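Structure first, commentary second.
No lab work stands behind these numbers, since they all come straight from the coordinates. Keep in mind that what you see is a predicted model, and the values were worked out from it rather than measured. Here the Cβ is made from the backbone with ideal geometry for all residues, glycine too, and neighbour counts use every protein chain on show.
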Amino acid sequence: MSQDRDAFVPLRIAVLTVSDTRTAADDRSGDALVERLTAAGHQLVEKRIIVDDVYRIRAQVAAWIAEPEVQVVLTTGGTGFTGRDSTPEAVGVLLDKRIEGFGELFRQLSYRELGSSTIQSRCLGGLANATVVFCLPGSTGACRTAWDGILAEQLDSRHKPCNYANLVIPERGTHG
């Protein structure tokens, strides 16, 4: 049975905070993503915090990509240029296709708030095994900027002319 293309379809989303210092008590960025995704009507499948280690990040994201229950993976943290920032290296090799415009649009939106410092953001988006993955900076403001300016629309199956939600909804699998 096909769903009405004009009806909102909630997505099942996993959130990963990458940090050497954050705990469940002070994970403001992860909490901001959970707050926004649930307010939009999506379902949180799981939220985890992992230290900034390329292999631990890769293992967790790969597990979610392999899990049919997860349609979207959002990570926050580890996208900068310090020695420990390794999220793009961990996740990039898992992607079947990259969403090149995601980082470009994020930096354009972020430029309004941060000026030229936004060039240090190595945020990343892509598709792997019918799962869309977005890697966001670790700041709460950056997570809000990404959600409000890009993800809210692109994860909404009603957004026209196209969105990423319809690529991960099994019975659709198209941009429409």
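What the table below lists for this structure:
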{"read-out": "Low-density loop cleavage sites - chymotrypsin sites (Phe, Trp or Tyr not before Pro) in segment 12-95, where at most 13 other Cβ are within 10 Å (DSSP)", "value": "81"}
{"read-out": "Most positive-pole-ward Cα, 118, 8, 147, against dipole of the chain from beta carbon charges", "value": "118"}
{"read-out": "Zero-based 5 Å bins, Cα pair distances in the chain, whole percents", "value": "1, 9, 19, 23, 22, 15, 7, 3, 1, 0"}
{"read-out": "Degrees, to the nearest 10: 28-39 long Cα axis against longest axis of the chain", "value": "10 degrees"}
{"read-out": "Cα-centre dipole for the chain with unit charges at Cβ (Lys and Arg positive, Asp and Glu negative), debye to 20", "value": "180 debye"}
{"read-out": "Per-residue [θ]222 nm for the chain (sum of -39500 (n - 2.57) over DSSP H runs n ≥ 4, rounded to 500)", "value": "-9500 deg cm²/dmol"}
{"read-out": "Order by protection proxy (mean Cβ within 10 Å, highest first), peptides 35-41, 127-133", "value": "127-133, 35-41"}
{"read-out": "Crossing angle, helix 54-66 versus the chain [Cα axis fit, 0-90 degrees, rounded to tens]", "value": "10 degrees"}
{"read-out": "Cut-off 17 Å (backbone N to label point 7 Å along Cα→Cβ of residue 119), residues of segment 55-81", "value": "80-81"}
